[in-house]
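Engineer: Take a look at this one; I'll ask things after.
The values are calculated or read from the model by the stated rules, or taken from the named source; none is laboratory data. What you see is a predicted model, and the numbers here were worked out from it, not measured in a lab. Cβ coordinates were reconstructed from backbone atoms using ideal geometry, including for glycine residues, and neighbour counts include every protein chain displayed.
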């Protein structure tokens, strides 16, 4: 394995799995060009001491909306729940929770330029992070030459490949901060960071390690198949099982996108993988020692993340001067991981949070 000398490239510009996109276009000329909608995967309880609020926000970040909801409901910011962060430069329909206010509010009347409450339901508890099934996306890509049909003709061959085989489950560039700024601060260590910065920098370090492992498996052509020593997981599930021997049944289920190989989310101890898989993961951590040490120093434990992301309901709609890409992802998947295999975009991604955590 060639040394990974450039951590920025390992994290921010890993290799493509399907040969790279043939099309290019303009992404997010306006916030309305990027729509993400959360799928909770469960219904509100209809009773309880909390409210689940379905909110549409436009060009506003999740934490700012949470602060506004706390102010309006008369609770502290710590009492507001949300399942995941969503991009600022986008239209996002997501769920929040607040304690039932002492004075009833007409939530449907709360509408500003930045957000509006679409629904309010009684619920039994605060909405925890990660408590959603996935996200649905609708992303408009403008054709550089103004010809939407020509752009669609270039995108569709890749669309078929991605729909059949999935994409590498890379953490998106927004995880690393603007131009990799969070990643650049890893060497300062946890004690050298302000409390408000620690989580972002630690997350960048762990995500960079994962991306580097996945990038190497993409280079070797084994990101989408099981190896002896792998830990595999069921599609859309968090639990894993050891692959002690390969057989036709496992190979078939992997080809059908029912199960996936996983990679290490770094922490204390030794990954539970074995053989050549363990050797690869430890080798990457050895080359990225600052990132590994930071993850260990704050007490993170070894966890696993799927190396492959299934892309559901993927389709391309043609407009006069653009295409609209629609797809669904399970929680934890980044839209950028899908888009980078389909089209090269001229507009850089801003902020963080198109992940479906």
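Engineer: What single numbered condition from (1) at negative phi; (2) in contact (Cβ under 8 Å) with a residue 60 or more places away in the chain; (3) assigned to a helix (DSSP H, G or I) fails to hold for residue 170?
Structural biologist: Single failed check for residue 170: (3).
Engineer: From the list 226, 257, 246, which one is farther than 18 Å from residue 291 by Cβ, in a loop (DSSP other than H, G, I, E, B), more than 22 Å from the chain's Cα centre (by Cα) and modelled with pLDDT of 95 or more?
Structural biologist: 226
Engineer: Shifting gears a bit: Test each condition in (1) in contact with a helix residue (DSSP H, G or I) (Cβ under 7 Å, 6 or more places away or on another chain); (2) surrounded by fewer than 17 Cβ atoms within 10 Å (Cβ to Cβ); (3) in contact (Cβ under 8 Å) with a residue 24 or more places away in the chain for residue 67 and report the one that comes out false.
Structural biologist: (3)
Engineer: Check whether at least one residue in the stretch 125-145 is in a loop (DSSP other than H, G, I, E, B) and free of Cβ contacts under 8 Å to residues at least 12 places away in the same chain, and report yes or no.
Structural biologist: Taking the stretch 125-145 as the starting set, the residues that turn out to be in a loop (DSSP other than H, G, I, E, B) are 125-133, 144-145.
Now drop any that are not free of Cβ contacts under 8 Å to residues at least 12 places away in the same chain, which leaves 145.
Scanning the stretch 125-145, I find at least one residue that is in a loop (DSSP other than H, G, I, E, B) and free of Cβ contacts under 8 Å to residues at least 12 places away in the same chain, so the answer is yes.
Matching residues to (1) under 21 Å from residue 219 (Cα atoms); (2) in a helix (DSSP H, G or I); (3) modelled with pLDDT under 95:
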residue: 251; (1), (2), (3): yes, yes, yes
residue: 264; (1), (2), (3): yes, no, no
residue: 278; (1), (2), (3): yes, yes, no
residue: 281; (1), (2), (3): yes, yes, no
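Engineer: Further question on the same structure: For the stretch 2-29, which residues satisfy the criterion of being over 19 Å from residue 211 (Cβ atoms) and modelled with pLDDT under 90?
Structural biologist: Listed by number, the residues that qualify are 27, 28, 29.
Engineer: Regarding the stretch 33-40, can at least one residue be identified that is out of contact with any helix residue (DSSP H, G or I) (no Cβ under 8 Å at 6 or more places or on another chain) and surrounded by fewer than 16 Cβ atoms within 10 Å (Cβ to Cβ)?
Structural biologist: Looking through the stretch 33-40, none of the residues is out of contact with any helix residue (DSSP H, G or I) (no Cβ under 8 Å at 6 or more places or on another chain) and surrounded by fewer than 16 Cβ atoms within 10 Å (Cβ to Cβ).
Engineer: Kindly list the number of the only condition in (1) part of a helix (DSSP H, G or I); (2) buried (at least 20 other Cβ atoms within 10 Å of the Cβ) that fails for residue 293.
Structural biologist: Status for residue 293: all satisfied but (2).
Engineer: Could you tell me which of the residues 198, 217 is assigned to a helix (DSSP H, G or I) and in contact with a strand residue (DSSP E or B) (Cβ under 8 Å, 6 or more places away or on another chain)?
Structural biologist: Being assigned to a helix (DSSP H, G or I) and in contact with a strand residue (DSSP E or B) (Cβ under 8 Å, 6 or more places away or on another chain) holds for just one of 198, 217, which is 217.
Engineer: Quick one: would you say residue 316 is at pLDDT 95 or above and more than 30 Å from residue 184 (Cα to Cα)? Break it down stepwise before answering.
Structural biologist: Details: at pLDDT 95 or above: yes; more than 30 Å from residue 184 (Cα to Cα): yes.
Against the criterion (at pLDDT 95 or above and more than 30 Å from residue 184 (Cα to Cα)), residue 316 qualifies.
Engineer: When you scan the stretch 178-223, how many residues do you find that are more than 18 Å from the chain's Cα centre (by Cα) and on the phi > 0 side of the Ramachandran plot? Lay out the reasoning, then the answer.
Structural biologist: Narrowing the stretch 178-223 to residues more than 18 Å from the chain's Cα centre (by Cα): 181, 184-198, 216-222.
Remaining after also requiring on the phi > 0 side of the Ramachandran plot: 189, 221.
Result for the stretch 178-223: 2.
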